1. Modelled label-to-label distance, Y50 and A290, 7 Å Cα→beta-carbon offset: nm?
2. Quick check on the stretch 152-258: take the gyration tensor over C-alpha atoms, sort the square-rooted eigenvalues as a ≥ b ≥ c, and tell me if it's rounded (a/c under 1.5), prolate or oblate.
3. Pull out the extension gain between K347 and S212, defined as 0.36 nm times the separation in residues minus the alpha carbon to alpha carbon distance; nm, one decimal.
4. Using only Cα atoms, what Kirkwood radius does the stretch 1-149 have, in angstroms?
5. In terms of the ratio Rg/(2.2 N^0.38 Å) built on C-alpha atoms, what value belongs to the chain?
6. Between 0 and 90 degrees, rounded to the nearest ten: what's the tilt of helix 211-231 against the longest Cα principal axis of the chain?
7. Straight distance only, please: which lysines reach the Cα of K296 with their own Cα at less than 27 Å, same-chain residues fewer than 8 apart left out?
8. What length, rounded to one decimal in nm, is gained on full extension from V66 through to H146, with 0.36 nm per residue of separation minus their alpha-carbon distance?
Amino acid sequence: MEQVNIHTSTKSYPVHLGKGAIQQLTEIIHGAEDSYTSIMVITDETVATYHLEAFHEHTALEQIVVKIVPSGEKAKTFEVYQDCLTSALENKLDRKSLIISFGGGAVGDLAGFVAATYMRGIRFIQVPTTILAHDSAVGGKVAVNHPLGKNMIGAFHQPEAVVYDLNFLQTLPEHEVRSGFAEVIKHALISDDVFYNWLKNDIHSLDNLNDSQILEFLTKGIQVKGAIIAEDERETGIRAFLNFGHTLDHAIEAEAGYGKVTHGEAIIIGMLFALQLSIELLGLDFNLQAFKIWLKNLGYETSIPAGLFNVQLIERMKQDKKAVNNTIRFVLLEKIGVPALIEIEEKVLLMHLKEFVEEGE
Ligand SMILES: NC(=O)c1ccc[n+]([C@@H]2O[C@H](COP(=O)([O-])OP(=O)(O)OC[C@H]3O[C@@H](n4cnc5c(N)ncnc54)[C@H](O)[C@@H]3O)[C@@H](O)[C@H]2O)c1
Ligand SMILES: [Zn+2]
């Protein structure tokens, strides 16, 4: 079992990771300084099918309300959000109640936003069940989607604790493992080359990861994120580095239509592009070819999906949250572990994007 402690300006909390970590949940709840009056668990259909029974068995919490929402991005709509609030009101949750999010990043973002807004904010605990959620469960960004944009309606609301039981990951389909592992690679590239080289030398396939590898890369990934949010909880500065690979990713996800490419698959392409820009604009010393070969062996696509056009991608990038006055700001790397936020003019970007697309063909 591992424990990582997260310290932000508004709250400190533990992340417990390991096989069987769920068994600590009851103790954490009963040990709360200010005791809880009632509990609502928010989970999705898939996670409920696979793991709700085990959740009940290992926590033995009595009289909890369970709210089951649709799986994936469909959980992050206004309708589902309202439905959760209705259940909370009907079941008489009060200001001392607890919400537990049991699922991947989508359920975590939804349940966290319910907790952030119900009666102006109640406490919540994250129980993540995907690899991607090592990123989303930590840091307190919670949100639902607006039809005009993903994650546009949200809040900062830190959990009381994160309880990450690796047993739940066993049912994750491989493309979801791949999606989550992309964020692990991101955390390595923006933090240090020892972490990156370990991943690259130790992990050759995503369908036979062993428990100790998973525990190690999730713990390290969470430590990287924790160190960044400790300094910048609200993204006024270095938290933006966590968006490495995400500028082009957001454009690809939006242009392809949400759900067509997974978040992680698109970040990989975004990181490859950001690395190429880093080599050309900042003189980064990096073996891009070896990186690409490793990614292909892990089952990732390494070029922009067919049918997407550069000009449209650039238009999307201008709408990125990091963009200011229409200039596009990219997270690039001076070295592995040394990110920098760089403004790039549209015409320069278009030129590099064209080159990137041609090389990928
Ligand atoms: N708040 C943040 O800081 C932050 C950071 C990164 C991503 N996110 C958000 O996280 C979401 C993506 O997270 P995700 O990939 O975990 O998505 P997800 O919650 O949609 O899970 C992916 C799929 O896997 C299924 N699933 C979950 N756990 C499973 C398990 N143990 N076994 C089998 N299937 C399982 C889900 O039902 C879903 O269909 C996006 O909405 C993204 O915006 C938030
Ligand atoms: Zn991401």
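1. Here the modelled spin labels are 3.4 nm apart.
2. On the way: a/c = 1.41, a/b = 1.27, b/c = 1.12.
Taking the square roots of the gyration eigenvalues as a ≥ b ≥ c, the stretch 152-258 is rounded.
3. On the way: separation 135, 0.36 × 135 = 48.60 nm, distance 4.60 nm.
So the chain would gain 44.0 nm between K347 and S212.
4. Values: mean 1/r = 0.0645 Å⁻¹.
Hydrodynamic radius (Kirkwood, Cα pairs) of the stretch 1-149 is 15.5 Å.
5. On the way: Rg = 20.1 Å, N = 361, 2.2 N^0.38 = 20.6 Å.
So the Cα radius of gyration is 0.98 times the expected 2.2 N^0.38 Å.
6. 80 degrees
7. K186, K200, K220, K225, K260, K335, K354
8. On the way: separation 80, 0.36 × 80 = 28.80 nm, distance 2.51 nm.
Once the chain is fully extended between V66 and H146, it gains 26.3 nm.
Just so you know, all these numbers are worked out from the coordinates, no wet-lab data involved. Quantities reported herein were computed from a predicted structural model and do not represent experimental measurements. Don't worry about glycine lacking a Cβ; one is built from the backbone with ideal geometry, like all the others, and counts go over all protein chains shown.
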